[in-house]
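Just below is one structure, and these are the notes that go with it.
The values are calculated or read from the model by the stated rules, or taken from the named source; none is laboratory data. Keep in mind the model is a prediction, meaning the values are calculated, not measured. Every residue, glycine among them, receives a Cβ derived from its backbone with ideal geometry; neighbour counts consider all protein chains shown.
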Amino acid sequence: MIKLHRRDFIRASLFGGIAAATAPTYAMKVLEEQSKVIVNANSRVSLVTGTNRAEMVFNALKPFAKEIAQAVGNRRIVVKPNLVEKDIQLCATHKDTIEGILEFYKSIKKLENVVIGESIAFDQTIDCYDCYGYIPLAEKYKVKLLDLDEHPYRVHYIMDENDFLSKPIRVSALLTDRNNFVMSVARLKTHNTVIATLSLKNLVMGAPLKDPGYHSHASASATVSSGKKIMHGNGVRAFNFNMYTMAYHIRPDLAFVDGYEGMEGNGPTRGTPVDHRVCVAGLDWMSVERVCLELMSINPDNIGYLTFCAGAGMGQFDLNKIEIIGEKLANYIRTYKLPNNVDRLMQWNTPLNISTV
């Protein structure tokens, strides 16, 4: 495990403890000093349906072609899929989805700038690339497949609910570099730690890196660990807060959520399929999240990290102020079964009994 020195832990710990137990207003003021948030005023979201994943992706991105080309310019495009772990296709971004994305970038003459980067939860990312058919696809379009665990990192601090002490984690420099154009390619899924996982969570939980030799939580030791596990903060309050604070440093420039086949129940890997046949895309990631929650019939007020981000003004979260282009939203709303432990997940919105910490 790489040794990291503690800096400003008292300040960060007090901040983490206060902000986790209150509304995010104070947190926003402190964090803005560290990383200014540029909110995308474009709250248009495309909603597309169909029977072919690749075509759906292309059609969902096409309305934003000019804006995406301008935003990319000469920047490197980092496509971040959602692979999680191998051998469970329902949890992972389908290769046809990636092909539709690469065809789109080819159509706007930006394909030469594209790399695909991921850090899966367990084991080696290359195994997921192989398992899900990404390697032939990368060869076809001449794009690089990167294991983020093997690339440069930056150190960020997150809060732990057990002791309110800041914990250092290594985070992908590729995803935190605002000179890159970062595209999050998520799946429409419920989740057993935050109720719903969409474009933001795909980035902020893919960014924390694993030490060499880390294979599972059971293998964690004093010398081998995973920033993803530490990021959970030993509690639902800390986990939601940590994702919110990380959003100041890592957030999608372009959000895409594949709901061709969604997942309900005990996601992100143990849920069951929903034949939904939709996909959602937009340059304002918060607008995309909001539309996705509506498609799943999930109350947005129940999602802690997104509630914090909305309160901090990171994007448009008012459905009435989001312009939906393409299909009519009301025609595609389903009721997704929530995780079995949803009552516990809702504790993010309850006071923490500090006397027990």
Applying the selection to the stretch 153-192, what residues are of a type in the set (A, V, I, L, M), at pLDDT 95 or above and surrounded by fewer than 20 Cβ atoms within 10 Å (Cβ to Cβ)? Val155, Ala173
Filter pass, Tyr260 being buried (at least 19 other Cβ atoms within 10 Å of the Cβ) and in contact with a Phe, Trp or Tyr (Cβ under 7 Å, 6 or more places away or on another chain): no
Residue hits (the stretch 121-148; touching a residue at least 60 places away in the same chain (Cβ under 8 Å), in contact with a helix residue (DSSP H, G or I) (Cβ under 7 Å, 6 or more places away or on another chain) and farther than 18 Å from Ile77 by Cα) are Ala121
So which residues in the stretch 107-125 are modelled with pLDDT of 95 or more, surrounded by fewer than 17 Cβ atoms within 10 Å (Cβ to Cβ) and among the acidic types (Asp, Glu), if there are any at all? Glu112
Go over the candidates Asn82, Asn59 one by one and state the one that is over 29 Å from Arg154 (Cβ atoms) and modelled with pLDDT of 50 or more. Asn59
Testing Met296 on (1) in contact with a helix residue (DSSP H, G or I) (Cβ under 8 Å, 6 or more places away or on another chain); (2) within 27 Å of Asn59 (Cα to Cα); (3) not aromatic (Phe, Trp, Tyr), one condition comes back false. Which one is that? (1)
Take the conditions surrounded by 15 or more Cβ atoms within 10 Å (Cβ to Cβ), closer than 22 Å to Phe64 by Cα and acidic (Asp, Glu) and apply them to Glu323. Does it pass? no
Leu338 vs (1) loosely packed, with under 12 Cβ neighbours inside 10 Å; (2) under 17 Å from Gly267 (Cα atoms): all pass except (1)
Exactly one of Gly282, Gly267 is under 16 Å from the mean Cα position of the chain (by Cα), buried (at least 24 other Cβ atoms within 10 Å of the Cβ) and under 23 Å from Val342 (Cβ atoms), and that residue is Gly267
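Examine the stretch 50-58 for a residue that is within 30 Å of Tyr214 (Cβ to Cβ) and touching a residue at least 40 places away in the same chain (Cβ under 8 Å), and state whether such a residue exists.
No, the stretch 50-58 contains no residue that is within 30 Å of Tyr214 (Cβ to Cβ) and touching a residue at least 40 places away in the same chain (Cβ under 8 Å).
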Give the residues of the stretch 63-106 that are farther than 17 Å from Phe181 by Cα and either out of contact with any helix residue (DSSP H, G or I) (no Cβ under 8 Å at 6 or more places or on another chain) or surrounded by fewer than 15 Cβ atoms within 10 Å (Cβ to Cβ) (or both), sorted by residue number. Pro63, Asp87, Ile88, Gln89, Leu90, Cys91, Thr93
